[in-house]
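Written out below as structure tokens is the structure these notes cover.
Taken together, the values in this text are just the output of simple stated rules run on the coordinates, not laboratory data. Here the structure is a predicted model, which means the values were calculated and not measured. Here the Cβ positions follow ideal geometry from the backbone for every residue, glycine too, while neighbour counts run over all protein chains shown.
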Amino acid sequence: MLNVIICGAPGCGKGTQSALIVEKYGLKHLSTGDLLRKEIAEKSELGQVADSYISKGQLVPDEMIIDILDKNIEAFGSDINGIILDGFPRTLAQAEALEVMMSKKGKKIDTLLDLNVEKAELIDRLLKRGITSGRSDDNLETITKRLAVYETQTTPVSDFYKKLEKYSSIHGMGTVDEIFGRIETVLDSKK
Ligand code: AP5
Ligand code: MG
């Protein structure tokens, strides 16, 4: 069992690297952003609430996302190789709730992979993606807000996992394959 968190600023490559991790390590992928966008596309009640936050670059309320995450982890069952959490936890309250949730399930987080990418590169990647993504948050105004929210609300999550000695900093610049190579080195040491 290998349970991993992948985090980092908007556009750092969480989704891109998660796909490669799933392929090599056979983990179940849980992206809270993808789950919320699915709810928005289905025009569910939850999706409508989520959209009002996402389109402004704000985080959705902790209680809402913790509940969604718990249900989705539960739905995987116990016969799995592990989980990769993409975009969760994003606040200290979410990190604390995750630790409680995992220990109740008799599971633990092995490491947090923190993808570090320069700000100009993040903006460049997201603006490029915005040309085709259709995401309501891929425009310069919202990207700027997302980056600021990341700095103030999500950076403390890294400190939380540093204290637990489960923090792995990954240099997130370079090609997708180069970055994946750095991730493999860390994950192979955790198996
Ligand atoms: P979320 O969907 O998690 O978005 P994000 O964190 O802003 O990150 P992105 O998905 O935009 O980027 P990514 O890091 O996955 O990078 P990607 O691989 O796509 O969250 C969206 C919103 O949902 C939040 O703002 C919030 O409102 C809400 N939300 C989600 N989770 C929440 C939570 N836990 N609590 C509260 N609210 C929550 O790559 C980006 C682009 O770069 C792609 O086009 C890709 O092809 C390209 N790229 C990737 N790697 C490289 C590379 N090495 N070189 C060049 N280009 C690259
Ligand atoms: Mg993503």
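Restricting to DSSP loop positions (anything but H, G, I, E, B) with no more than 13 other Cβ atoms inside 10 Å of their own Cβ, which trypsin sites (Lys or Arg not before Pro) remain in the range 1-83?
Loop-located and lightly packed - Lys43.
List the residue ranges in the chain for DSSP H helices whose C-alpha atoms run 27 angstrom or more along the long axis and whose Kyte-Doolittle average is -0.5 or above.
none
Is the shape of the range 74-191 best called rounded, prolate or oblate, per the rule: a/c under 1.5 gives rounded, else a/b larger than b/c gives prolate, else oblate, with a ≥ b ≥ c the square roots of the Cα gyration tensor eigenvalues?
Since a/c reaches 1.5 and a/b is larger than b/c, the shape of the range 74-191 is classed as prolate.
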